[in-house]
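Rule-based calculations on the coordinates, nothing more; no lab input. What you are looking at is a predicted structure, and each value in this text was computed from that prediction instead of being measured. Neighbour counts are summed over all protein chains in view; Cβ atoms, including those assigned to glycine, are modelled from backbone coordinates with ideal geometry.
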Amino acid sequence: MTFQTFLFFLVVLPVMFFGLLLALLVNVIDPSGDRFHRMAAWWGHFCARLMGISVEITGEEHYDPNANYLIVSNHASMADIPLILGSIHLNMRFVAKEELGKIPIFGWAIKQAGYVLIKRGQSKEALKSLLKASEVLKNGRSVHIFPEGTRSTTGEIQPFKRGAFMIAQKAHAPILPVTIIDSNRITPKKSLRISKARVQLIIGEAIATKGKNAQELQEATFATITKNMEKYGITA
């Protein structure tokens, strides 16, 4: 067991548990989820500092903190979510698997806060649940989604699913492409071992949705994220 793994169980999980209990009350007071997001952003920053994770951010000039976007990034570690929360200064909600909403306390809190819980698969119900995210965007909040659908085991980028880009198209919201590099060194998939790492977040220029279909948005976003992976990190 690494020292970071020890800290995760001794400090991070208890802080998260009591924070979620507080969040249940906060969400009643503020059903918009905005205060919950501020708590989650603090938690993400706290986790990175505590675990000795160095985060280098490039491209912060590519977004307006007062605007809203569909934030799209690759996914290689369970640490990606706290890293995004603590590093990108947007009032965001995450798209998450429906199963997470069934976890006591955690699931209740994220549902109250307006996180979008989606069904797996290609059914009409799955698409309908995914497109709920467009309503969040229309209400002025940003939405984050991992279009690969699952974590990469190697850190390399996997094919994107088109559903994510239907969200942006329906909401007429710009896409903010974010490349996450080396987060797989923190927590490999199917492992609870946590290690120090230096992670890069490369924020690309926002991609306008006007005049583009979902396929074109998917291709443009994938091209930006893989290009930045090749430029700053490993070969995609």
> Among 82, 23, 47, whose Cα lies farthest out toward the positive end of the dipole of the range 3-232, if unit charges sit on the beta carbon of Lys, Arg (+1) and Asp, Glu (-1)?
Replying inline: 23
> Which net charge results for the neighbourhood of residue 118, defined as the other residues with beta-carbon distances under 9 angstrom from its beta-carbon, given Lys and Arg at +1 and Asp and Glu at -1?
Replying inline: +3
> Per residue and in cubic angstrom, what volume does the convex hull of the Cα atoms of the range 3-232 have?
Replying inline: 113 Å³
> Any idea how far the Cα center of the range 160-236 sits from the one of the range 1-73, in Å?
Replying inline: 19 Å
> Which listed residue (32, 126, 232) has the Cα farthest towards the positive end of the charge dipole for the chain, taking +1 on Lys and Arg C-beta and -1 on Asp and Glu C-beta about the Cα centre?
Replying inline: 126
> Counting each DSSP H run of 4 or more residues in the chain as -39500 (n - 2.57), what helix-only mean residue ellipticity at 222 nm follows after dividing by all residues, to the nearest 500 deg cm²/dmol?
Replying inline: -12000 deg cm²/dmol
> If the cut-off is a Cα-Cα distance under 19 Å, which aspartates and glutamates reach residue 124, setting aside same-chain residues fewer than 8 apart in sequence?
Replying inline: 98, 99, 135
> In what order do 51, 1 fall by count of nearby beta-carbon atoms within 10 Å, going from fewest to most?
Replying inline: 1, 51
> At residue 24 and residue 6, where each label point lies 7 Å from the Cα along Cα→Cβ, what is the point-to-point distance in nanometres?
Replying inline: 3.2 nm
> Tell me, in nm to one decimal, what length is gained between residue 98 and residue 150 on full extension, where the rule is 0.36 nm per residue of separation less the Cα-Cα distance?
Replying inline: 17.4 nm
>> Can you give me the Rg/Rh ratio for the range 60-104, using Cα atoms for both radii and the Kirkwood formula for Rh?
In response: 1.00
> At residue 127 and residue 192, where each label point lies 7 Å from the Cα along Cα→Cβ, what is the point-to-point distance in nanometres?
Replying inline: 4.0 nm
> the range 160-236: which chymotrypsin sites (Phe, Trp or Tyr not before Pro) are DSSP loop and have at most 12 other beta-carbon atoms within 10 angstrom?
Replying inline: none
> What fraction of the DSSP beta bridges in the range 3-232 is antiparallel, stated in percent and rounded to the nearest 5?
Replying inline: 20 percent
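On a 19 Å Cα-Cα criterion, which of the cross-link pairs 119/190; 161/231; 132/161; 119/189; 138/210 come out too long?
On the way: 119/190 22 Å; 161/231 23 Å; 132/161 17 Å; 119/189 22 Å; 138/210 15 Å.
Where the Cα-Cα span goes over 19 Å, the pairs concerned are 119/190; 161/231; 119/189.
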>> Explain nothing, just compute: Karplus ³J(HN,Hα) = 6.51 cos²θ - 1.76 cosθ + 1.60, θ = phi - 60°, for every residue of the range 197-213 in order, whole Hz, x for Gly and Pro.
In response: 6, 9, 10, 10, 10, 9, 9, x, 5, 4, 9, 6, 9, 4, x, 10, 8
>> Taking 8 Å as the Cα distance limit and 6 or more residues as the minimum spacing, I'd like the relative contact order of the chain as a percentage.
In response: 25 percent
> Expressed as a whole percent, how much of the Cα-Cα distance distribution for the range 77-149 exceeds 21 Å?
Replying inline: 24 percent
> Extension gain residue 170-residue 49, at 0.36 nm per residue separation less the Cα-Cα distance, in nm?
Replying inline: 39.8 nm
